[in-house]
Structures are given as C-alpha cells and as structure tokens.
Amino acid sequence: MSTRHPIISVTGSSGAGTSTVKHTFDQIFRREGVKAVSIEGDAFHRYNRADMKAELERRYAEGDHTFSHFSYEANELGELERVFREYGETGHGRTRHYVHDDAEAEKYGVPPGEFTEWAEFEKDSDLLFYEGLHGAVKDEAAGINVADHADLKIGVVPVINLEWIQKIHRDKAHRGYTTEAVTDVILRRMHAYVHCITPQFTQTDINFQRVPVVDTSNPFIARWIPTADESLVVIRFKNPRGIDFSYLTSMIHDSWMSRANSIVIPGGKLDLAMQLIFTPMIERLVSESKRA
C-alpha cells in the first residue's frame, strides 16, 4: 500500500463482470479529472495462445486436468507483484497487452493470441487501476502477495450459475466457442477457481455479488442472461466503519441492509451505487497522495 501512489485492484473470474466495473471507474476518473494508468490481468499471462495450448496438452498427457489461466503457474504473478510494488514506491511501472481478436490485432499491430511489447507507464499518473483474475492474491505457500500492495481491493463475484451463464454467452458470441467447449473450460478451471480465485474475496475491501431472481438452475441451457432488472446485488464491506449506510439506502431506491456490513440493491442501480461508494474513496486516495 502507498499513500503517495495509490493502487485500485478489481478482481473477478472470467465472466464475472469486471469490465462493467472498470467502465464505471473510467467514468469517475474522467468526471473527477483523475489520471489513471490501467493494466489488465491478461497482460500477465505466462503463455501466448499457441504456447498455452501446447502447455495444456502436455499437462493433460501427464494427467493434470486442472491447469488453466486461473492457475498461479499460468501467470507471471511475481511480475504483477513487482509492478504493484514499483508503482507504489515510485509511480512507475510497465505493462503490455494480450491481443484477443482481429479488432485488437488491428489496433495494436500484433496477431491475435500474442502479446505486445512491454511499455512503460505514462508519467505523472494519479493512481494505478488493475482489472483481472489475480489482483488480490495472497498465498504464503506460493510466495505471492499482490494483495498487500493495493490500497482499494474490489471483488466482483456473481453467484456461480450466473457467472457461468455470462461466460457461456460471451464466449459463444464473441469467441465462436460452442457450449460444450465452454463447459469443458469451466470444468478444467474448477480446481483453480476454488484454490486460486475464491480465496481472494476474503482479501477484498468491497465485494459485489449479483444474484438473479429468475431460475438459473441449469446454466448450460439458459437462453438469456438475466437482466439487471432481474437481479439483486449484495455489496459487502470488509470494514464498515465510515460507510454511511443510511445515506446509501436513502439515495438508492428499494435498497436495504441485510447485515451490519452489507447492503442489497436492485440490479439496475449498480452503476449508481458504485458512483456513490467509489467517488469519495477515489477523491480521498488522490487527495492524500497529493499531500504526501
């Protein structure tokens, strides 16, 4: 953690909805005049697409059916921790982009499935913003401690059937996968999901969990993703001290407190809730950094 060079980390698995949260933060940064450097978790994958496929085949042949992008060893988490530490100490760092598709290939000039070259951060930023799979990892056995370098850690954790529905629909629509192929990925990732992803949500300062109020019993045949209006969102604060729940419930219609550290809101009010919660937090982080 660093008062002078703060770091915000948004963590969630594939299909959780972290991109939506990033969009809200981008709005806040633009409105409040905050210069943020953004990095993506995909930039810290260890393998490009071809090498990952080869590594999967090698491990599968050796009897390891659990290896995936969720796994620690499939990512350069030591490098991610180093970037967090360096930014917190100096305001400097580096990142790259993993190119997913033809549109990104045209933008970055690199074929799909490859990485761009590492590049230094823009100078004089107000904060670092991370969005990806491993922004709150703290595992002493693995020798990884990304979490302690972030000043504000946010978890995006839909109930698991909803997460799977979102992933299936996204991968079919945007990556051309079949339902069967996405199901295989979900099954292969389950071990790392349990051991690498979910433990992070005990490290996060605030968790957002979307809960559908329609039947999602069989996510593998769901024809539609439940809409925001068909959902509730549970917002849990690790430390509720200083959180003005009465203000939040008065500003967010039909919201209520479910526990001393949690508020439940209609799904359609998620952007408003994030604006109300995060704007003063960002203002405080930036203000303190300028005084440091």
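Would you check which residues across segment 206-228 are in contact with a strand residue (DSSP E or B) (Cβ under 8 Å, 6 or more places away or on another chain) and in contact (Cβ under 8 Å) with a residue 60 or more places away in the chain and list them?
Within segment 206-228, ILE206, PHE208, ARG210, PRO226 qualify.
Out of GLY93, GLY109, GLY113, which single residue is farther than 21 Å from ALA50 by Cα and at pLDDT 95 or above?
Values: GLY109 fails: farther than 21 Å from ALA50 by Cα; GLY113 fails: farther than 21 Å from ALA50 by Cα.
One residue alone meets the criteria, GLY93.
Looking at SER262, SER231, can you tell me which residue is touching a residue at least 24 places away in the same chain (Cβ under 8 Å), closer than 30 Å to LYS172 by Cβ and polar (S, T, N, Q)?
None of the other options fit; the residue is SER231.
Is segment 183-204 home to any residue that is touching a residue at least 24 places away in the same chain (Cβ under 8 Å) and in contact with a Lys or Arg (Cβ under 7 Å, 6 or more places away or on another chain)?
Yes, segment 183-204 contains a residue that is touching a residue at least 24 places away in the same chain (Cβ under 8 Å) and in contact with a Lys or Arg (Cβ under 7 Å, 6 or more places away or on another chain).
Filter segment 14-28 down to the residues that are over 14 Å from GLU40 (Cβ atoms) and modelled with pLDDT of 90 or more and list them by number.
Result: THR24, GLN27, ILE28.
Here is a list: GLU131, GLU106. Which entry is of a type in the set (D, E, K, R), on the phi < 0 side of the Ramachandran plot and part of a helix (DSSP H, G or I)?
On inspection, the qualifying residue turns out to be GLU106.
Condition first: out of contact with any strand residue (DSSP E or B) (no Cβ under 6 Å at 6 or more places or on another chain), over 13 Å from GLY41 (Cβ atoms) and not in a helix (DSSP H, G or I). Now tell me which residues in segment 72-103 satisfy that.
GLY91, HIS92, GLY93, VAL99, ASP101
The values are calculated or read from the model by the stated rules, or taken from the named source; none is laboratory data. Only a predicted model underlies this, so the values are computations on that prediction, with no experimental measurement involved. Counting neighbours? That spans all protein chains shown, and the Cβs are built from the backbone with ideal geometry, glycine included.
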